[in-house]
1. As I understand it, the value is the acute angle between the Cα axis of helix 87-112 and the longest principal axis of the Cα atoms of the chain; what does it come to in degrees, rounded to 10?
2. Quick one: which of 87-98, 11-22 comes out on top by average Cβ neighbours within 10 Å, and what's the full order, highest first?
3. Quick one: net charge of Phe5's neighbours, Cβ under 13 Å, K/R +1, D/E -1?
4. Hey, got the dipole for the chain? About the Cα centre, +1 on K and R Cβ, -1 on D and E Cβ, debye to the nearest 20?
5. Rounded, prolate or oblate: pick one for the chain, where a ≥ b ≥ c are the square roots of the eigenvalues of its C-alpha gyration tensor, a/c under 1.5 means rounded, and failing that, prolate if a/b is larger than b/c, else oblate.
6. Work from the charge dipole of the chain (Cβ charges, +1 for Lys and Arg, -1 for Asp and Glu, about the Cα centre) and give the residue of Gln103, Ala25, Trp60 farthest towards its positive end.
7. Answer with one residue from His150, Asn265, Leu183: the one whose Cα lies farthest towards the positive end of the charge dipole of segment 135-270, charges on Cβ with Lys, Arg +1 and Asp, Glu -1.
8. Once you put a point 7 Å from the Cα of Glu264 and another 7 Å from the Cα of Leu237, both along the Cβ direction, what distance in nm separates them?
Amino acid sequence: MNRRFRSLVATTLLFVFATILLGVATKSYGAGLACEARWPVCDGGLLNLFPESFPSFFEWIHRVVAGIGGLFIVGSAIESWRRETPTRIRYALTLGALLTPLQVLLGQQTVTNFGMSEVLTAHFWTAFTIFGAFAFAFVATWADSIRSTHLAAAAVGGLVLFPANVLLTPPFISSYTPVLGTLQYAVLLVLVLAVLVLVVVGREKLSGTFRHAPLASLAALPVAVYLGRHLIAASPLHQTAYLLAGLVVYGGLVGSTVGLWRTENSADRI
């Protein structure tokens, strides 16, 4: 596949990653309130060149990065239709592009109606879906460059990242600071990327029941994320469901790691 197109998808994924983390940090610090429900302008005049405070500057940087990222998202989708791109990659990029206007609208609503939890939840899941679509497209476009060492790193990384993400989730930590909140979502997004590497590329190396392990992790991960966002004052049933979803995610990662290790050992014997 054309290296220029691969680089475009990779760059777009980085913008999506940065936009989400900046959004999490902006919400955690309450910087979105600095613009006093004004959108897309803030308090710094033309292009917000003279922000009245650091929080308003921080919020504006988030909007700038999101705006540039949006252009890359749309550009990647258009480019995928202009060239001979595998259908699954084209559709993933198109999904991300189609969700972008909705995400912009939801972003506007988080500023003008900051207290609406439903809007914040929809904003998160739309961003999560866009990231997942572009992470999938990224892995698929670079699949022929992913080696056994990369797969091993993805599997072992997942085994480390998932418990780290759980431990960074309230109520497992006593003080949920903006830095820890941003770190938690950074860990989560890298975990999503690692799981997608195992699903898109790793399954081709696995055999037997081990081939289902990455899919199990992928299917259970959104469930674990959803339940994990509502753990505070959760019912015993909710907590049990979260535990079960987490066990499926981690079990899939363990199965992927073992399966890759067995495949590598079998290849060494030949």
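1. 30 degrees
2. In descending order of packing, they fall as 11-22, 87-98.
3. Here the count lands on +4.
4. 800 debye
5. oblate
6. Towards the positive end, the residue furthest out is Gln103.
7. Asn265
8. According to this spin-label approximation, the distance is 4.4 nm.
Values quoted throughout were computed directly from the atomic coordinates according to the rules given, and no laboratory measurement underlies them. No experiment lies behind these values; they were computed from the predicted model shown. Using ideal geometry, Cβ is built from the backbone for each residue, glycine included, and neighbour counts are taken over all protein chains shown.
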